[in-house]
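In what follows, a single structure is set out as structure tokens and then discussed.
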Amino acid sequence: RSVAVYEARACDWPDDVLPALAGQRVFAPLFSPRAAARLAAQSGVPDLGGLIPVAISAACAAALPGPLAARARIADTPDSGGMLRALAEAMSHPGTVG
């Protein structure tokens with residue numbers, strides 16, 4: 001029997017991250033509501049230009065502010081395979097949401 005264990009540690013962004021996120025299309029895989037809330041808190045703004053969130057679940061997407069939540073892609077299954085499919089779909093059709 002094996003058990004996968006990890007620890008996600010929050011860290012502050014360098015000053016050049018927000019301008020980079022605002023200036024181009026960026027896909028952000030979010031694996032938990034905590035990660036989504038942290039993204040929202042770090043940005044300090046309700047929208048980040050070309051950022052396209054890819055959320056592992058509807059609960060994860062719901063932790064984002066309105067504009068980001070509205071364009072979030074949600075994985076069809078809450079696992080790595082679902083996230084890979086959602087990322088591939090988002091990158092293939094970046095102008096659409098859902």
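The figures follow:
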item	result
Flag if Ala61 is within 12 Å of the chain's Cα centre (by Cα), among the small types (Gly, Ala, Ser), part of a helix (DSSP H, G or I) and modelled with pLDDT of 90 or more	yes
Output for the range 36-56, where each listed residue is within 8 Å of the chain's Cα centre (by Cα) and under 15 Å from Ser80 (Cβ atoms)	Val54, Ala55
Residues that are in contact with a Phe, Trp or Tyr (Cβ under 6 Å, 6 or more places away or on another chain) and in a loop (DSSP other than H, G, I, E, B), drawn from the range 48-58	Ile56
Residue, nearest to Pro29 (Cα to Cα), within the range 64-79, restricted to residues that are at pLDDT 95 or above and exposed (fewer than 14 other Cβ atoms within 10 Å of the Cβ)	Asp79
Hits in the range 21-42 (condition: of a type in the set (A, V, I, L, M), surrounded by 13 or more Cβ atoms within 10 Å (Cβ to Cβ) and assigned to a helix (DSSP H, G or I))	Leu21, Ala22, Ala35, Ala36, Ala37, Leu39, Ala40
Residues located in the range 26-50, provided they are within 18 Å of His93 (Cα to Cα) and at pLDDT 85 or above	Val26, Phe27, Ala28, Pro29
The range 64-86: number of residues that are in contact with a Ser or Thr (Cβ under 8 Å, 6 or more places away or on another chain) and part of a strand (DSSP E or B)	1
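The values are calculated or read from the model by the stated rules, or taken from the named source; none is laboratory data. Because the structure is a prediction, the values reported are computed rather than measured. FYI the Cβ positions are ideal-geometry reconstructions off the backbone, even for glycines, and counts take in every protein chain you see.
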